[in-house]
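Notes follow once the structure below has been shown.
The values are calculated or read from the model by the stated rules, or taken from the named source; none is laboratory data. Quantities reported herein were computed from a predicted structural model and do not represent experimental measurements. Cβ coordinates were reconstructed from backbone atoms using ideal geometry, including for glycine residues, and neighbour counts include every protein chain displayed. Areas reflect the complete protein model, heavy atoms only, side chains present, ligands, DNA and RNA absent. Shrake-Rupley method; radii C 1.70, N 1.55, O 1.52, S 1.80 Å.
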Amino acid sequence: MKPFLLFLTFSFFCQTNLVFSATALPLQLITLLSIKSSLIDPLKNLHDWDPSSTFSKPSYQDPVWCTWRAITCHPKTAQITNLDLSRLNLSGTVSRQIRYLSSLNHLNLSGNDFSGTFQTAIFELTELRTLDISHNSFNSTFPPGISKLKFLRVFNAYSNSFTGPLPQELSRLRFLEQLNLGGSYFRDSIPPGYGSFPRLKFLDLAGNALEGSLPPQLGSLPQLQHLEIGYNPFSGTLPVELALLSNLKYLDISFANISGQVIPELGNLTSLETLLLFKNRLSGEIPSSLGKLKSLKALDLSDNELTGPIPREVSMLEELTILSLMDNKLTGEIPQGIGDLPNLDTLLLFNNSFTGTLPQQLGSNGLLQRLDVSTNSLQGPIPPNVCNGNKLVKLILFYNNFNNPLPPSLSYCTSLARVRIQNNHLNGSIPKELTLLPNLTFLDMSNNNFNGQIPQDLGNLQYLNISGNSFGEPLPTNIWNATNLQIFSAFSSNITGQIPDFIGCQTIYKIELQGNSINGTIPWDIGHCQKLILLNLSRNSLTGIIPWEISALPSITDVDLSHNSLTGTIPSNFNNCTTLENFNVSFNSLTGPIPSYGIFSNLHPSSYSGNQGLCGGILAKPCAADALSAGENEVEVRRQQPKRTAGAIVWIVAAAFGIGLFVLVAGTRCFHANYNRGFGNDGNEIGPWKLTAFQRLNFTAEDVLECLSMSDKILGMGSTGTVYRAEMPGGEIIAIKKLWVIVHRDLKPSNILLDGEMEARVADFGVAKLIQTDESMSVIAGSYGYIAPEYAYTLQVDEKSDIYSYGVVLMEILSGKRSVDAEFGDGNSIVDWVRSKIKSKDGIDGILDKNAGAGCNSVKEEMIQMLRISLLCTSRNPADRPSMRDVVLMLQEAKPKRKLLDSVVGRGGAGDNVVGGGGDIPLAQKPTPES
């Protein structure tokens, strides 16, 4: 007989408020309604948990709750066996009444926003086989009682905020097969008891704050197939007992502060398919015993201190698809047999000291996708069949000694998206077919020995750097017509002739042509380059005047026309140029006054030196009209000035001396107080101070520094610095935190607040860090899903890490999804999801949130522009990400234009602003080249 409970009064809220009195209700129904009442369900995903139809029936022979969302019942007993509340955007608490679902076998709460203490009533569900609470925000110590779940086989608590030690009583669960406690803040060491699970196949403790040595007991897990314990600040070496894990297929102890050698006993793990030991302090040579791992598909020993050569035995691993040994101290030649590996698709050997030639068979298997051997001492030709099979996407060979012309096969490598071959000794001409490759967007060929004509058609290139070569030819006449070109750099390349007309250059952000032999005038139609930020034409043989159209460019920031033969005046239109930050016209033949407003009053005089005819402004050389006016005023003053007595003059001199002495003493103290801020604790100069603004401000760096000297203005102090309250001369109230290097480290939606005017403000600088040059962090700070890949990979953090986090926030806003969601797949973030979605059938339509206005064509167009910016901000390579200033400029380009569109629609115009869905989306490109 089914259990019932007599309720005198029971109330709950669904879409209407219902009250039942003196009603006998099934216990399972009561429990479900209690669970629902304790949850916060903003999207009403549980709207069908409505029992109203139940009360219209004479009996409960056909329980309606078995048809409700997230519930699975036993086909014979109608008892609830499966409750799956995953990814429903739920928060609140889990009701203690859940303990009455006594037949529950599977409980899934993953992918929600539950926080606080974990509900221990769940431990009374003794029939549970699987318990998944991953991707939530539980932030207490792990409560006792889980050992009651004696039949539990799977426990997944990945990506929460649990603190304290790992729960030791888990080791009493003898049927446990999968245990995932990764991605929280568990501390202390791994309990030795974690080596006593008799059936455990999967163990993940990665991404916590675990310390101490790795317990040798981990080698006593006879069934273990997957061991993932990296991203913890362990100490000590690899225990040799790991070699006893005969069934192990996946071993990841990356980023774990492990020292010592790569133990040769690892060669006994003959079932191993993945071995990841990157970002540790491993030293010594790579053991040749790794050649016995015949099933190995991925080997990553990068970011260590390994020395010596690559063992020849590595070329015997025929299943190997990924070989990454980058960032070590390896030497010698690369074994030629690596080029014969039949399944290799990724070879990453950059930043070592390899010599000799690349294996000439490399790529012949037709599977090679990524090749990066940059920053070594390799020489000889590029392998001729490196793109056999047309799968090569990235070819990165910079900073080596490669010579010879490019292999002809590269010109037909249609899969290529990124080529970086700068700083080698490559020669010959640039094949015209190379720049026409359909997927090639980034091409850096700088600092080689290329010559001959520059290709006329640049295809889909967004970034092209051909600087430091010896072309001896003029630029193609249609160079600016490249549809997608955003950065063009060709300085010091022996380019001759004149600058082609700028018609067609609407997409270009940066033009660098300095240090060539270009003559003629600057084309006046440079006004077509509406997105131009930087223009450098210095050290050429340009003549004629400075076109006033440069000053009208809406985003122009940096202009360098120095060391030419320009004549005429600096156009007065530059007075109205509000974006300009640097303007250098030194060593020309310019005449007339320097503009007196905007940036021109702050530029150093060296920006104008070498122009004998310039006057006014900051130069100590008044213009003729100014001198005449000053002379007339002086005569008038002298005419009206009364005679002074000798005694009055003496008093004036004495007063001036006294005032001067006071100013000197006070000024000296102020100078030392401010100047000393430019020095670190070790006395080395860090300054001078520089204010970099993302928008126009009404205060200067000096105003900020003055407030920093007032200790009574301190708002708070912490381990990473002091925060000051500062009132600027114009009345603005700002918060200041002193950092040597603009790094927040925890940029996410919950740290972006709205002020009284609904303006966004970045908050919680608790983990913002004072970063010296090339400094590494000891541990990762920040929130999972927002951390830049290089930060998690190398512990190197700079302002580009915050740019990545900002891009993630943009994606969340545009898609209406969280940064991490089980929907994205295991280990994937919203960045991975967006990039894969773009290439899918749904395309952009599958990304943009219709609740945010994606159903409106004009709004959708703006959202697409924002999506491009977010993709650029989340580029894998930090150098590909724009600066925040550039992001602001791009956001300004994406400003709403709905008023114009609405007016067109209001007049009955159909317009042509419909945006198609699906397909690929071109990446925005930053307006500065990568380093």
Subject >> Modelled label reach - LEU891, point 7 Å along Cα→Cβ, segment 522-540 residues with backbone N closer than 20 Å >> reply: 531-533
Original post:
Considering amide H positions built from the backbone, and no H for Pro or chain starts, which residues 5 or more places from LEU542, or on another chain, come under 5 Å of its amide H?
Top reply: SER565
Original post:
Amide H to amide H under 5 Å from CYS73: which residues, 5+ apart in sequence or cross-chain, H placed 1.01 Å off N in plane?
Top reply: THR81
Original post:
Quick one: Karplus J couplings for segment 187-196, per residue in order, coefficients 6.51, -1.76, 1.60, θ = phi - 60°, nearest Hz, x for Gly and Pro?
Top reply: 10, 6, 9, 6, x, x, x, 6, x, 10
Original post:
Any idea how far apart GLU799 and SER37 come out in nm if each label point goes 7 Å out from Cα toward Cβ?
Top reply: 5.5
Original post:
What FRET efficiency would be calculated for the residue pair GLN223, ARG69, taking the C-beta separation as r and a Förster radius of 35 Å, to the nearest 0.05?
Top reply: 0.45
Subject >> Residues in segment 108-129 that a label on GLU169 would reach, taking backbone N under 13 Å of a point 7 Å out along Cα→Cβ >> reply: 120-125
Original post:
Hey, quick one: spin label on GLU473, modelled 7 Å out along Cα-Cβ, who in segment 410-444 has an amide N within reach, i.e. under 12 Å?
Top reply: 428-433
Original post:
Lys/Arg Cβ at +1, Asp/Glu Cβ at -1, dipole of segment 238-392 taken about the Cα centre: which of GLY380, GLY332, GLY267 is farthest positive-ward?
Top reply: GLY380
**OP:** Report ³J(HN,Hα) in whole Hz for each residue of segment 143-154, in order, from the Karplus equation J = 6.51 cos²θ - 1.76 cosθ + 1.60 where θ = phi - 60°; Gly and Pro get x.
**Re:** x, x, x, 5, 5, 5, 7, 5, 9, 4, 10, 10
Original post:
Taking θ as phi - 60°, what are the ³J(HN,Hα) couplings along segment 497-510 by the Karplus curve (6.51, -1.76, 1.60), each to the nearest whole Hz, with x for Gly and Pro?
Top reply: x, 10, 6, x, 4, 8, 4, x, 9, 5, 9, 7, 9, 9
Original post:
For GLU318, GLU124, what's the largest-to-smallest order of accessible area, 1.4 Å probe?
Top reply: GLU318, GLU124
Subject >> Accessible surface of ARG87 - all protein chains present, 1.4 Å probe, nearest 10 Å² >> reply: 110
**OP:** Keeping all protein chains in position, work out how much accessible area ILE190 exposes to a 1.4 Å probe, and write it in Å² to the nearest 10.
**Re:** 10
Original post:
Over segment 56-132, what number does the Rg to Rh ratio reach, with both radii from the alpha-carbon atoms and Rh per Kirkwood?
Top reply: 0.99
**OP:** Provide the per residue accessible area, probe 1.4 Å, for segment 187-230, rounded to a whole number of square angstrom.
**Re:** 35
**OP:** Taking amide H positions as placed in the peptide plane 1.01 Å from N, state which residues far from GLU285 in sequence (5 or more) or on other chains have amide H under 5 Å from it.
**Re:** THR307
